[in-house]
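Here's the structure we're looking at; comments come further down.
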Amino acid sequence: MTDPDANLPEETMWQGKFVTAKRRGRWEYASRSRGIRAAAIIAIEDGHVLLVEQYRVPLGRVCLEIPAGLIGDHEGQEDEDATEAAIRELEEETGYRAERMETIGEFYSSPGMVSEAFTLLRAHGLTKVGPGGGTEGENITVHRVKLAELPQFVAEWRQQGHGVDVRIAMLMAPGFLGEV
């Protein structure tokens, strides 16, 4: 089944360095500029999940998320592999280095209004190698949360009025992680 607007030409309404606003027929949506994609990382070690906290301008508040970042957003690295980006982003944001990354698949964050896709990866063999916190200006706080306590942690986070990335819900879904 397709929408009648699917065959209409795409119009760029506005384009910035990282985001483009587009229209196709009656649909308006956002996409990443220059074909940039994202990598999102599930990082679990010793029964704990690594989460990051950072202020998100579109929400106007702090948000709890799984570590994530853009693929190929640095000049000269436009052909960067999702696995390479995930390893780099995990270390920058959390201070943990992964021995290997397992690709779970490609997913869409909000397909009704954003065309952005992200590669979801699972980090294995984690070693603490630095403080994390992101690159200059990111101001990321790392949270190492027991998986068994994650639902309560998220509930308390919400009670404080903070945002929660939907990808955290999959960490709490029965059977999603298999054996940890």
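Exactly one residue out of 145, 154 is touching a Phe, Trp or Tyr at 6+ places or on another chain (Cβ under 9 Å) and surrounded by 11 or more Cβ atoms within 10 Å (Cβ to Cβ): that is 145. Among the strands (runs of 3 or more DSSP E) confined to region 15-75, the ones with at least 3 residues that are under 28 Å from residue 128 (Cα atoms) are located at 37-45, 48-56, 61-65, 68-71. The number of residues in region 129-157 that are more than 20 Å from residue 44 (Cα to Cα) and within 19 Å of the chain's Cα centre (by Cα) comes to 5.
Output yes when any residue across region 52-66 is without any contact (Cβ under 8 Å) to a residue 12 or more places away in the chain and at positive phi, and no when none is.
Yes - at least one qualifying residue is present in region 52-66.
Filtering region 5-58 to residues that are closer than 26 Å to residue 161 by Cα and basic (Lys, Arg) leaves only 56.
It is to be established whether one or more residues within region 6-17 are under 18 Å from the mean Cα position of the chain (by Cα) and either within 24 Å of residue 140 (Cα to Cα) or surrounded by 16 or more Cβ atoms within 10 Å (Cβ to Cβ) (or both).
Looking only at region 6-17, we keep the residues that are under 18 Å from the mean Cα position of the chain (by Cα), and these are none.
No, there is no match, as no residue in region 6-17 is under 18 Å from the mean Cα position of the chain (by Cα) and either within 24 Å of residue 140 (Cα to Cα) or surrounded by 16 or more Cβ atoms within 10 Å (Cβ to Cβ) (or both).
When residues of region 32-46 are filtered for being at pLDDT 90 or above and either of a type in the set (S, T, N, Q) or surrounded by 11 or more Cβ atoms within 10 Å (Cβ to Cβ) (or both), how many remain? Break it down into steps so the answer makes sense when it comes.
Our first condition is that a residue be at pLDDT 90 or above; within region 32-46, this holds for 38-46.
Now restrict to residues that are either of a type in the set (S, T, N, Q) or surrounded by 11 or more Cβ atoms within 10 Å (Cβ to Cβ) (or both): 38-45.
Residues flagged as at pLDDT 90 or above and either of a type in the set (S, T, N, Q) or surrounded by 11 or more Cβ atoms within 10 Å (Cβ to Cβ) (or both) within region 32-46 amount to 8.
Can you say whether residue 90 is aliphatic (A, V, I, L, M) and in a helix (DSSP H, G or I), as far as the supplied structure shows? It would help to see each step written out before you state the result.
Numbers: aliphatic (A, V, I, L, M): yes; in a helix (DSSP H, G or I): yes.
So residue 90 passes the test.
Residues of region 129-142 that are modelled with pLDDT of 95 or more and exposed (fewer than 13 other Cβ atoms within 10 Å of the Cβ): 129 alone.
Would you check which residues across region 92-113 are more than 17 Å from residue 139 (Cβ to Cβ) and either crowded, with 17+ Cβ neighbours inside 10 Å or touching a Cys at 6+ places or on another chain (Cβ under 6 Å) (or both) and list them? Reasoning before the result, please.
Step one: of region 92-113, the residues more than 17 Å from residue 139 (Cβ to Cβ) are 96-113.
96, 98, 101, listed by residue number.
Looking only at region 133-144, residues that are touching a residue at least 60 places away in the same chain (Cβ under 8 Å) and either of a type in the set (D, E, K, R) or assigned to a loop (DSSP other than H, G, I, E, B) (or both) come to 5 in all. With respect to residue 126, is the statement that it is among the aliphatic types (A, V, I, L, M) and either over 17 Å from the mean Cα position of the chain (by Cα) or not assigned by TED's automatic domain parsing to the domain that holds residue 56 (or both) true? The answer is yes for residue 126. Annotation note: of 126, 121, the sole residue that is part of a strand (DSSP E or B) and more than 29 Å from residue 57 (Cβ to Cβ) is 126. When only residues in region 77-91 that are over 14 Å from the mean Cα position of the chain (by Cα) and under 30 Å from residue 23 (Cα atoms) count, which is surrounded by the fewest Cβ atoms within 10 Å (Cβ to Cβ)? Looking at residues that are over 14 Å from the mean Cα position of the chain (by Cα) and under 30 Å from residue 23 (Cα atoms), I get 79.
The values are calculated or read from the model by the stated rules, or taken from the named source; none is laboratory data. Predicted model only: the values in this text are computed from it and were never measured. In this analysis, Cβ positions are derived from the backbone assuming ideal geometry, glycine residues included, and neighbour counts consider all displayed protein chains.
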